[in-house]
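Comments concern the structure below.
The values are calculated or read from the model by the stated rules, or taken from the named source; none is laboratory data. It should be emphasised that the depicted structure is a prediction, and the values quoted were computed from it without experimental measurement.
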């Protein structure tokens, strides 16, 4: 038996299964990266793409050990891949962790809600405002914007979301208003907040 051929057919099959699983996890991670801002279900289940990539990295490394010959080459590629995967995971956790949902306010008829979240920031807290549908598997969500001077939300009728700043010095200041479509919750007016 030559050193270039696999030792057992089961090892090659396991290698291809691990490779397929790793590719599937990477694809799901990319779907989560692209679709988390649009669909609520994707945000809930695939909203952590770096965790999916962290699981894909050892699966890819194990598939390299099963499929590549000679063994020393497969081990070098597997160890290098694990190191690069851990480095990317660390960067991802540094820049994307820490989102905290602070307030969810249902619209008057309950088909959608406004969500105030605390985005990760290095110095000052930054708050994001989203409107999301509350019913259905394909419920959508829209990001209205981010700002450091919005910390409360309330509805003024079925189609107007009021963005508020409340602190000890200024009891309640209105930052802005956003009109939303009463059927879907999609924002209709331009946001007074900056981009996220």
Given 75, 82, 19, 52, which one is at pLDDT 75 or above and closer than 30 Å to residue 186 by Cα? 52
Quick one: how many residues across the range 139-164 are part of a strand (DSSP E or B) and either under 22 Å from the mean Cα position of the chain (by Cα) or modelled with pLDDT under 85 (or both)? 8
